Amino acid sequence: MLSSTIFLLVSLGAGLVKSSPTLEDLFLENAPSSPRAYVIPHYANSHAVTIDSQLYRFTVTGPSSGYAFTLMSTNAPSSDSLGVLPHIHREHYENFFALKGRFQLWAEKDGNEQQARLLTQGDYGSVVRNTTHTFQILDPDTEMVGVIVPGGFEDLFYYLGTNYTSSTDTPYVPTTYNDSSTSVDSETMETLESYDVFAQLDFEPRRDLINGTAPVNETTWHDGANDLGNAGEPYFVANGYGPKYLNSKYGYQVIQPLVTSTQAQDLNYTLSTISLSRQTKNSPPSYTLDGAAAFEVLEGMLSIQIGEYPLARLNMGDVAFIPAKINFTYYSEVAFTKVLYVSSGTDGVDQQLISGAEEWDFVTFPKY
């Protein structure tokens, strides 16, 4: 009788012991339906849809980020046609980042001269609200990363697209490019407007680019510094030609802001790239932020420990999402790691690093 009682008490006690979270719990195939820490591997089928020849994946969604932002990727073959019909967003701020390949991006606002750029790896284009824009994919191995604020814009793609899965996680389905983006009936137009897409069918994308840019006069593109735009204006930053800051407190980090609170205005977020040296001195700091944040690895390998989860190691294209109020630490175990970082609020990791940094003229860090 005594042994049975002991067995019962032990069994009940075991049921009360909370098991530690594992890497299997952290790594997901789909962004979850509410905010929690997670990692999505590159090319996972996270809420993926196809629209004609374009394959869209959503590694951070409105629900998974508490509607702070959407983080997505677009993979597609080269095309001689526009990827989408020219349009504006009245509520959403859209950011285009070239992970690999080439694509052309057009932007025009408030009757100002139309801007066009050819974006290659690491280049960035800012499409603020009420900016007419469109793009065209030019290389057969092109991946665009999009950051859209506020979150939830993926609902448009769910409406337009076809659900997609793949057992091989191919970047996109091998197929001939098929364009159906330039013709819209009135019923579809009305539906698109309910998703904050207002077609601008009279927009004529300019084709007079020279050395990847138009207009040419007084425009620098891969041949001089690019400033971040003024509030409410679209702008472009070539890879390595924007503002740079060096923080040397916990090993070297080079921070290159792409969106600050000035450009984001009331949408209250920041976007940067951060390049890290191998962690060799001091312990990496831990952060607990008031807003959600995400890292996407652009080069190297990022080591990150979130909450109670074990240390995770992320490779190129992998995404880590950290909810607000969750402690995390990150660093590099290899010689050079570069990430794209987005944060809700104005006191994210990038801004904290910049506040303790010096202005810097280089994309790499010192040798000592």
Radius of gyration and maximum dimension Dmax of the chain, Cα, Å: 22.0, 93
Which Cα, out of V363, I255, S283, lies furthest along the positive dipole direction of the range 247-368 (beta carbon charges, K/R +1, D/E -1)? S283
Mind checking the angle between helix 2-16 and the chain's longest principal axis? C-alpha axes, 0 to 90 degrees, to the nearest 10. 20 degrees
Ranked from highest to lowest mean number of other Cβ atoms within 10 Å per residue, what is the order of the peptides 55-67, 298-310? 55-67, 298-310
Burial order of peptide ranges 80-87, 91-98 (average beta-carbon count within 10 Å, highest first): 91-98, 80-87
Quick one: of K109/K244; K100/K367; K244/K367; K100/K325, which pairs are farther than 22 Å apart, Cα to Cα? K109/K244; K100/K367; K100/K325
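Identify the trypsin sites (Lys or Arg not before Pro) of the range 264-351 meeting these criteria: DSSP loop state and at most 13 other C-beta atoms within 10 Å of the C-beta. Write out the running numbers ahead of the final one.
Values: sites: R278, K281, R313, K325, K338; in loops: K281, K325.
Filter output for the range 264-351: K281, K325.
Just so you know, all these numbers are worked out from the coordinates, no wet-lab data involved. Quick caveat, the model's predicted, so the values are computed rather than measured. All Cβ positions, glycine included, derive from the backbone under ideal geometry; neighbour counts span all protein chains shown.
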